[in-house]
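Below is one structure, written out as structure tokens; comments come after it.
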Amino acid sequence: MLLPKFDFYEPKTSEEACNIMNEYGLKAKPIAGGTDLLVNMKQKLLSPAALVSLSEIAELNKLEVSDNAVKIGSCFTISAIAESAKIEKKLSALSAGARSLGSPLIRNLATIGGNIGSARPAADIPPSLIAYNAKAVLKSASGERTVLLNDFFKGPGFTEIQPNEVLIEIIIDIPDGRYGAGYMNLGIRKAQDCNIVNVASFISLDDTNEVINSAKIVMGCVGPTHLRAKLAENILIGNKPSEKLFEQAAKSAEAECKPIDDFRASASYKRAMVGVLTKRTLDIAVKETSLR
């Protein structure tokens, strides 16, 4: 299928990109890897008058890792995330999500900004970022603003990004003390299919290193956006990690998700698998706390 006609821009700075987006408004789309956008354009689901390439903007291709935070430019590729030893050390669940995304060819093209900006409920990257309490930095011609990833997604294909804004970077503050996180997904086939269910879990321990003082469980593919299992999180907080506790949290997560029947799986199967993946990712998270 042929692409529709469009104007193509390749700015060298984020300011230039924002000015172009401001000029075109709803008629422009930013593009980096294009693994979602170009497919939608070929299928005539989208027909923007202009594409604004972000690939040549140096600041959007950066990775900055310090003791306090990890900053990832929106054009940083999924393969680069998967291969980064620095990200693996600080944010192992994000590394796991990156390794789970598509095939090597897709990972080489796809970017963290694109995976987030497409707002697909089955996407591999958002659950871990939400679990780590990540923030998105959005820039326009009039300035910048920061939005928690937890509040970023508004529905399938819809986010907080305004027509004149560009997603600049993702910021993840490193938690204090001992913490751990896990990510797992389930699909019909490896690499070439959409997830049936995916889950990321995060826990941190108090000063005694025995009691959970913070927890997040993020579920994908079981609602119009990635969902937090907040009741399950409350079950975990204030208690010592244990097999029984994690089983209780997993059962709660099952009850909190909102799956639908589709051609990939039934709602009841998805709900059951949320419980399984919640338990397994909590097991991964608690094991990681002992390594810090």
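The values are calculated or read from the model by the stated rules, or taken from the named source; none is laboratory data. The structure displayed is predicted, hence computed values, not measured ones. Cβ atoms come from the backbone with ideal geometry, glycine included; neighbour counts cover every protein chain shown.
Selection over the range 259-280 of residues that are under 16 Å from residue 242 (Cβ atoms) and in contact with a helix residue (DSSP H, G or I) (Cβ under 8 Å, 6 or more places away or on another chain) gives a count of 2.
When the range 148-174 is limited to residues that are under 21 Å from residue 64 (Cβ atoms) and surrounded by fewer than 17 Cβ atoms within 10 Å (Cβ to Cβ), the one that is nearest to the chain's Cα centre (by Cα) turns out to be 148. Name the single residue that is nearest to the chain's Cα centre (by Cα) among those in the range 11-32 being over 12 Å from residue 60 (Cβ atoms) and either small (Gly, Ala, Ser) or in the same structural domain as residue 166 (by TED's automatic domain parsing) (or both). Going through the qualifying residues, I end up with 28. Only one entry of 250, 255 meets the criterion of being under 21 Å from residue 133 (Cα atoms), at pLDDT 95 or above and assigned to a helix (DSSP H, G or I), and that entry is 250. Restricting the range 252-268 to residues that are loosely packed, with under 15 Cβ neighbours inside 10 Å and out of contact with any Pro (no Cβ under 7 Å at 6 or more places or on another chain), the residue that is farthest from residue 235 (Cα to Cα) is 263.
The helices (runs of 4 or more DSSP H) falling completely within the range 1-112 that include 2 or more residues that are more than 30 Å from residue 181 (Cβ to Cβ) map to 14-24, 37-42.
Residues checked against (1) under 15 Å from residue 200 (Cβ atoms); (2) assigned by TED's automatic domain parsing to the domain that holds residue 92; (3) touching a residue at least 60 places away in the same chain (Cβ under 8 Å); (4) aromatic (Phe, Trp, Tyr):
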residue: 220; (1), (2), (3), (4): yes, no, yes, no
residue: 227; (1), (2), (3), (4): yes, no, no, no
residue: 234; (1), (2), (3), (4): no, no, no, no
residue: 245; (1), (2), (3), (4): no, no, no, no
residue: 249; (1), (2), (3), (4): yes, no, no, no
residue: 271; (1), (2), (3), (4): no, no, no, no
residue: 274; (1), (2), (3), (4): yes, no, yes, no
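Considering only the range 221-247, how many residues are modelled with pLDDT of 95 or more, small (Gly, Ala, Ser) and not in a helix (DSSP H, G or I)? Adding up the residues that qualify gives 3.
Yes/no per residue for (1) of a type in the set (Ser, Thr, Tyr); (2) crowded, with 17+ Cβ neighbours inside 10 Å; (3) on the phi < 0 side of the Ramachandran plot:
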| site | (1), (2), (3) |
| --- | --- |
| 59 | no, no, yes |
| 66 | yes, no, yes |
| 70 | no, yes, yes |
| 79 | yes, yes, yes |
| 86 | no, no, yes |
| 95 | yes, yes, yes |
| 99 | no, no, yes |
| 103 | yes, no, yes |
| 107 | no, yes, yes |
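A count restricted to the range 113-153 and to residues that are without any contact (Cβ under 8 Å) to a residue 40 or more places away in the chain and part of a strand (DSSP E or B) stands at 10. Looking at 119, 123, 110, 136, just one residue is touching a helix residue (DSSP H, G or I) at 6+ places or on another chain (Cβ under 7 Å), within 21 Å of residue 52 (Cβ to Cβ) and modelled with pLDDT under 95, and that residue is 110. Does residue 252 count as among the polar types (S, T, N, Q) and either out of contact with any helix residue (DSSP H, G or I) (no Cβ under 9 Å at 6 or more places or on another chain) or within 23 Å of residue 91 (Cβ to Cβ) (or both)? Taking the combined requirement at face value, the residue does not satisfy it. Just one residue in the set 106, 112 is under 30 Å from residue 262 (Cα atoms), touching a strand residue (DSSP E or B) at 6+ places or on another chain (Cβ under 6 Å) and assigned by TED's automatic domain parsing to the domain that holds residue 168; that residue is 112. Yes or no: residue 128 hydroxyl-bearing (Ser, Thr, Tyr) and crowded, with 18+ Cβ neighbours inside 10 Å? Answer is yes for this residue. The set of residues in the range 1-18 that are within 19 Å of residue 169 (Cβ to Cβ) and touching a residue at least 40 places away in the same chain (Cβ under 8 Å) comprises 11, 12, 13, 14, 15, 17, 18.
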